[in-house]
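First up is the structure itself, then whatever we jot down about it.
The values are calculated or read from the model by the stated rules, or taken from the named source; none is laboratory data. Note that this is a predicted model, so its numbers are computed, not measured. Virtual Cβ from ideal backbone geometry, glycine too; neighbours counted across all protein chains shown. SASA here: full protein model, heavy atoms, side chains in, ligands and nucleic acids out. Shrake-Rupley method; radii C 1.70, N 1.55, O 1.52, S 1.80 Å.
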Amino acid sequence: MPDGQRWGLLVTDWGFILYWSATALAAMQVIALPTEWMFRDYADPAMVAWNWSFAPLDLLASAFGLLAVRAARRGANWRGAAIVSLALTSCAGLMAIAFWTFAGDFDLAWWAPNLALMLWPLIYLPRLMSTAG
């Protein structure tokens, strides 16, 4: 596994896990997150549901990404797990960008990480797809 891909997976996947852990703890009122970190209409139940709809996608991407890194470290076949992780990560970013576009909401604090999620996997996916068979 190329170093850039390994680091990209580790940063992204642990970032997803950290984000969803903090979000869950905030939802349970165990911690308080600064309101300036929140997206627009964060308290709106529809927006809360929209945000939580990403949790399964993000956490599946993380599980497959961390599995791929672990498999690569052990010398096992990691490509299939990496493909799944990268595809899910890119889709998560695309879905968020599409939503913010349709909502007419441009906030660089939310666009930048979601553009990164959408785009960085595309560096590695084409080569992985061509060598996966």
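Going by the structure shown, is Arg6 without any contact (Cβ under 8 Å) to a residue 60 or more places away in the chain, of a type in the set (Lys, Arg) and in a helix (DSSP H, G or I)?
Against the criterion (without any contact (Cβ under 8 Å) to a residue 60 or more places away in the chain, of a type in the set (Lys, Arg) and in a helix (DSSP H, G or I)), Arg6 does not qualify.
Output the residue which, of all residues in region 97-111 that are open to solvent by less than 30 Å² (accessible area, probe 1.4 Å) and modelled with pLDDT under 95, is farthest from the chain's Cα centre (by Cα).
If we take residues in region 97-111 being open to solvent by less than 30 Å² (accessible area, probe 1.4 Å) and modelled with pLDDT under 95, then Asp105 is farthest from the chain's Cα centre (by Cα).
Filter region 5-50 down to the residues that are loosely packed, with under 15 Cβ neighbours inside 10 Å and of a type in the set (S, T, N, Q) and list them by number.
Within region 5-50, Ser21, Gln29, Thr35 meet the criteria.
Between a first residue in region 92-120 that is in contact (Cβ under 8 Å) with a residue 40 or more places away in the chain and farther than 13 Å from Phe39 by Cα and a second residue that is open to solvent by 40 Å² or more (accessible area, probe 1.4 Å) and of a type in the set (Gly, Ala, Ser), which pairs have beta carbons less than 6 Å apart while being 6 or more apart in sequence or on different chains?
none
In region 20-35, what count of residues is obtained for those that are touching a helix residue (DSSP H, G or I) at 6+ places or on another chain (Cβ under 9 Å) and either part of a helix (DSSP H, G or I) or within 23 Å of Leu86 (Cα to Cα) (or both)?
4
Kindly indicate whether any position in region 53-61 is within 13 Å of Leu9 (Cβ to Cβ) and either open to solvent by 70 Å² or more (accessible area, probe 1.4 Å) or not in a helix (DSSP H, G or I) (or both).
The answer is no, given that none of the residues of region 53-61 is within 13 Å of Leu9 (Cβ to Cβ) and either open to solvent by 70 Å² or more (accessible area, probe 1.4 Å) or not in a helix (DSSP H, G or I) (or both).
Specify the residue that is farthest from Ala22 (Cα to Cα); the eligible residues are those in region 62-81 that are open to solvent by less than 50 Å² (accessible area, probe 1.4 Å) and in contact with a Leu (Cβ under 6 Å, 6 or more places away or on another chain).
Out of the qualifying residues, it is Ala81.
Any idea which residue in region 67-81 is nearest to the chain's Cα centre (by Cα), counting only those that are outside any loop (DSSP other than H, G, I, E, B) and farther than 19 Å from Pro121 by Cα?
Arg73
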